[in-house]
Structures are given as structure tokens and as C-alpha cells.
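Pasting a structure below so you can have a look.
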Amino acid sequence: MPWIVCTSGPDRGKQIEVTDHVITIGRAPDNILRLIEERASRYHCHVAVLNGELVLQDLNSTNGIQIKGEKLRGQKVTLHLGSRFAIGGDAFEFQRGADHRFDVQENLHVDGNPWEQGREQTKFETQSDFQLSPRKDILSFLMPWRKS
């Protein structure tokens, strides 16, 4: 499966593998890929694999998503490996694997959310460095495979 990699901007180096799960992106702490970019909405967009295709959907965010110079709001777009999009000053790319050129690399996985432990921790050596604490929220409804 491909990865979403933030290649530049305030969130540079953050990346997550795209699996069969819905990946939520935004500033709210319960997003799977949490951004610090000020122009990102709390729930900005999500990425999912639908019928074998990568689909990016803006969630009617304030500033939308930039794709090939066009601003999209509330729309779905099918992306392929190498496709790029921007959220505010963050530039993202769909890549075949994790990008190892970043000094600080945050590989996020759907079965864990490092933001549960606080913003001060910025580097994770393994998945076991963070645990998902029990909670009931909108992600439990949207993603029932997550432990609650």
C-alpha cells in the first residue's frame, strides 16, 4: 500500500501508510494524521481506498485542498502514486513506501495514535512506543475496527 508523506511545511516528515482504513487529516487531536498547520481545519479531509482506488475527500474545510493549482472544497478526487496535494503550507505526496530522508520521521499507523501521549514527544522508534487509550468518539463510529 502507498504512504501519504508530508514533504514540506510545518508538518514536514509526518507520514502514514494508506491501508483499508479511513485516514482522517486535520488539526483536531482525534485525527489519525494530526496537523499543526494553522490553515488546516480541525477535520480537513480524509483518505480512503474505495473499490481499489485512493480517494481524497475535502470535508468542506475552510481553506480547501490544493491539487494541481486548483482549490477543491467538499469534493472527492481519485489519486495515484506520485499524486500531490496541499493543505495550507503543507505539501503531501502519495508514495510507494515510507520516506526515509527526513531527520525527524513520524510514521503513524492506524492501530496507534502518538498524539494521545502529548505533543512534546516527536520521535517514535517503534509502534510499541505509543498506545491508543480507550475512548469513545466519532472515530469509533467511523472506524469500528479501532479499539474503544
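Any read-out appearing in this document is the output of simple, stated calculations on the displayed coordinates, not a laboratory observation. What you see is a predicted model, and the numbers here were worked out from it, not measured in a lab. In this analysis, Cβ positions are derived from the backbone assuming ideal geometry, glycine residues included, and neighbour counts consider all displayed protein chains.
For the stretch 3-60, take the alpha-carbon Rg, divide it by the Kirkwood Rh, and send me Rg/Rh.
In the stretch 3-60, Rg relative to Rh is 0.95.
Any chance you could run the full-extension gain for GLU53 through ARG73? It's 0.36 nm times the residue separation minus the Cα-Cα distance, nm to one decimal.
5.2 nm
With each pseudo-label sitting 7 Å past Cα toward Cβ, what's the ARG96-GLU17 distance in nm, one decimal?
About 1.6 nm, to one decimal.
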